[in-house]
Amino acid sequence: MLAIGDAVAALDPQARDSRWTSLTYCVLDAVWSLNTRYYSVVVPLVGRVAAVFGDTQPTGAFPQADPVPLPYLLARYGDAKALMEDTNAQVTSPRNGILRADAVLRYAETLVEHEIVDLAAAEMLLAGPVEAWTTVDRALSAVPGDGNHGIRRGYLWMLCGSDDLIKPDRMVLRWLARFHSDIAPDEARHLLTEVAEELTERLRRPVTPWMVDHAIWLAERASVSGAG
């Protein structure tokens, strides 16, 4: 782990300075990000939905009032076909997948059923008893397209503000494979948490699993872009 810690330290992991300002945007990002180009597809897609609600700046500092609580999303888009018009027709999986637009609405309905209607409510859930979060997380797992080891749900909670629940996606796993071949997402989560703890002590400043994950993701994306 020492080699990984040294490599991550060299990436200078930093705290998040900007984020989606709505739970709606977090859900869209979480559902669309798996196996999709982030800056050319996902970010513009979230921006288009935000613009429908008159929001031209969907990212920023938090806390602030959620501009598009989930009930607004559900009221505006009555079905997946309607949402697909402002997003795209991608499915969650090429085999037995559902429209990602459908998955977004199912996520929204599930969260609203559990009274998680906006970003503030999501943060309260994350800060509260683990049993309450587990109940909601388990309910979301019923929506098709969860990804290996619940990666989509972990990413959603990360977007909502959790610095402990991370998304070891293919970019992160590819970076880690230089140190550990065939590392699984669950192993990566555990490893990056240990790296964060070690760097917090070594660098004498808070370093969270999210900061480690994000620093690796940015570095690997730059590496892939540079190679292509």
For Rg/Rh (Cα atoms, Kirkwood Rh), one of (i) 0.96; (ii) 0.98; (iii) 0.94 was computed from the structure I shared and the rest are decoys. Which label? (i)
Calculated from DSSP helices alone, with each H run of at least 4 adding -39500 (n - 2.57) and the total divided by the residues of the chain, [θ]222 nm to the nearest 500 comes to -17500 deg cm²/dmol
Report the net charge of residues surrounding ILE98, where surrounding means a beta-carbon distance below 12 angstrom and charges are Lys +1, Arg +1, Asp -1, Glu -1. +1
If R₀ is 22 angstrom, what is the calculated FRET efficiency for the pair GLU194 and HIS149, using the beta carbon separation as r and rounding to 0.05? 0.80
Considering only the other residues whose Cβ falls under 14 Å of the Cβ of ALA82, what net charge follows from Lys and Arg at +1 and Asp and Glu at -1? 0
Taking 0.36 nm per residue of separation and subtracting the Cα-Cα distance, what length does fully extending LEU203 through LEU2 add? 71.0 nm
Would you mind counting up the charge near VAL172? Only other residues with Cβ under 11 Å from its Cβ, with Lys and Arg at +1 and Asp and Glu at -1. +2
Length gained if ASP182 through GLU131 is fully extended, taking 0.36 nm per residue and subtracting the Cα-Cα distance, is 15.2 nm
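Read-outs: derived from the displayed coordinates by stated rules, not from any lab. This structure is a prediction, so every number in the text was calculated from the model and none was measured. All Cβ positions, even for glycine, are placed from backbone atoms using ideal geometry, and neighbour counts span all protein chains on display.
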